[in-house]
Amino acid sequence: MGNLPLTCADYAEGMTERAIHPRRGDIECWLTDMDGVLVHENRAIPGAAELLEHWREQEMPYLVLTNNSIFTARDLSARLSSSGIDVPEDRIWTSALATAAFLKQQKPGGTAFVIGEAGILTALHDAGYVMTETDPDFVVIGETRNYSFEAITKAIRLISRGARFISTNPDATGPSQDGPMPATGAINALITKATGMEPYIVGKPNPMMFRSALNKIGAHSHNTGMIGDRMDTDIVAGMEAGLHTVLVMTGIADAAEIERFPFRPDEVLTSVAELLQ
Ligand SMILES: O=C(CO)COP(=O)(O)O
Ligand SMILES: [Mg+2]
């Protein structure tokens, strides 16, 4: 693949000399994706720990913005710490937290049948929700590594009987060291096929998740960057929010994947380590 171009123009013209994007100097806040950018599951990606340390030393406002709804922010902070990456709990915003905030606004004190783990269950409980299999207001599909046929069948029946279909994130796959793994978006598609109903998805690329993230750190689109590994969640939403977008090649996207899209990131880097140069 050789040198990866850094800017849209470079990419379009196939230029390969290394350059720092002119907008990089204007960036005063960063949003960064987690899986495929900072870690693969619980293994740090080279450069990630150093980049976050650099932001801390520079007192750079930042937020880790992840569609991973398996874990709570506290769990993710502990997992990142065990991978050697120091991210305080309050610097993490997950699709589970965004989903719970959305449902709390939609129907305070509502009820839900949930497929997922502590991340979405805790967030919904903290939002005042009751988990139930009996006539729930919502069926919420989150991320887990243990999807059960029985639970998916229950979800399909409840949606068919009128429960509103919500999902934390659209990611069809999640990155790992050994290659892509099926993720929430793949389960959403199975349920859609069985019910004819599409979910409302709160996580990236939903603008709600970006707006709440920018508000959380008092950032504004004109001087904020978004680092991601997916064109269809991180980059498209960052672009549409007016952020400076940086795609890294350590997760889902590769050069062929970029070509599949009619738009381009502002920068394409091999990894976050290049942001330290
Ligand atoms: O967990 C994910 C899909 O499985 C994606 O997480 P990120 O948004 O951190 O890449
Ligand atoms: Mg990712």
**Q.** Helix-derived mean residue ellipticity, 222 nm - over the chain, DSSP H n ≥ 4, -39500 (n - 2.57), to 500
**A.** -9500 deg cm²/dmol
Q. Of Ile159, Ala98, Ser148, which is farthest along the charge dipole of segment 61-221 in the positive direction, counting Lys and Arg as +1 and Asp and Glu as -1 at C-beta?
A. Ile159
**Q.** Antiparallel %, DSSP beta bridges [both residues in the chain], to 5
**A.** 10
Q) Using modelled backbone amide H atoms (1.01 Å from N, in-plane), which distant-in-sequence or interchain residues come within less than 5 Å of Thr245's amide H? A) Met226, Asp266, Glu267
Q.
Once you place label points 7 Å from the Cα toward the Cβ at Thr132 and Glu50, how far apart are they in nm?
A. 5.4
Q) For segment 184-277, what's the relative contact order in percent, using C-alpha pairs closer than 8 Å and at least 6 residues apart? A) 20
**Q.** Three-way shape label, segment 61-221, alpha-carbon gyration tensor, a/c 1.5
**A.** prolate
**Q.** Extension reserve of the Arg211-Thr192 stretch, reckoned as 0.36 nm per residue once the Cα distance is removed
**A.** 4.1 nm
Q: Could you pull out every one of the lysines with an alpha carbon less than 25 Å from that of Lys107, ignoring same-chain neighbours closer than 8 positions?
A: Lys154, Lys204, Lys216
**Q.** Eligible aspartates and glutamates near Lys193 by straight Cα distance, threshold 17 Å, same-chain separation 8 or greater
**A.** Glu150, Asp171
Q.
For Cα pairs less than 8 Å apart in space and 6+ apart in sequence, what is the mean separation divided by the residue count of segment 61-221, i.e. the relative contact order in percent?
A. 23
**Q.** Contour excess over end-to-end distance, with Cα ends at Gln106 and Asp26 and 0.36 nm allotted per residue
**A.** 25.1 nm
Q: Taking amide H positions as placed in the peptide plane 1.01 Å from N, state which residues far from Ser167 in sequence (5 or more) or on other chains have amide H under 5 Å from it.
A: Ile141, Tyr200, Ile201, Val202
Q: Treating only the Cβ atoms of Lys and Arg (+1) and Asp and Glu (-1) as charged, compute the dipole magnitude of segment 61-221 about its Cα centre; round to the nearest 20 debye.
A: 360
Q. According to the square roots a ≥ b ≥ c of the eigenvalues of the Cα gyration tensor, what is the shape class of segment 177-216, taking rounded for a/c under 1.5, prolate for a/b larger than b/c otherwise, and oblate for the remainder?
A. oblate
Q: For the chain, calculate the relative contact order in percent as a whole number, restricting contacts to Cα pairs under 8 Å that are 6 or more residues apart.
A: 22
(Q) Report for segment 66-217 the percent antiparallel among DSSP-assigned beta bridges with both residues inside it, nearest 5. (A) 15
Q) Could you give the dipole magnitude of the chain about its Cα centre, charging the beta-carbon of Lys and Arg +1 and that of Asp and Glu -1, in debye to the nearest 20? A) 980
(Q) Please return the longest range in the chain lying between exposed loop sites, taking trypsin sites (Lys or Arg not before Pro), DSSP loop only, at most 14 other beta-carbon atoms within 10 Å, and leaving the sites out. (A) 19-144
**Q.** Computed E for Asp90/Phe263 - FRET, C-beta separation, R0 22 angstrom, nearest 0.05
**A.** 0.10
**Q.** Amide H contacts of Thr72 (H built 1.01 Å from N, under 5 Å, at least 5 apart or other chain)
**A.** Gly119
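We did not get these values from a lab; they are worked out from the coordinates using the rules stated. Computed from a prediction, not measured in an experiment: that's the story for all the values here. Cβ atoms come from the backbone with ideal geometry, glycine included; neighbour counts cover every protein chain shown.
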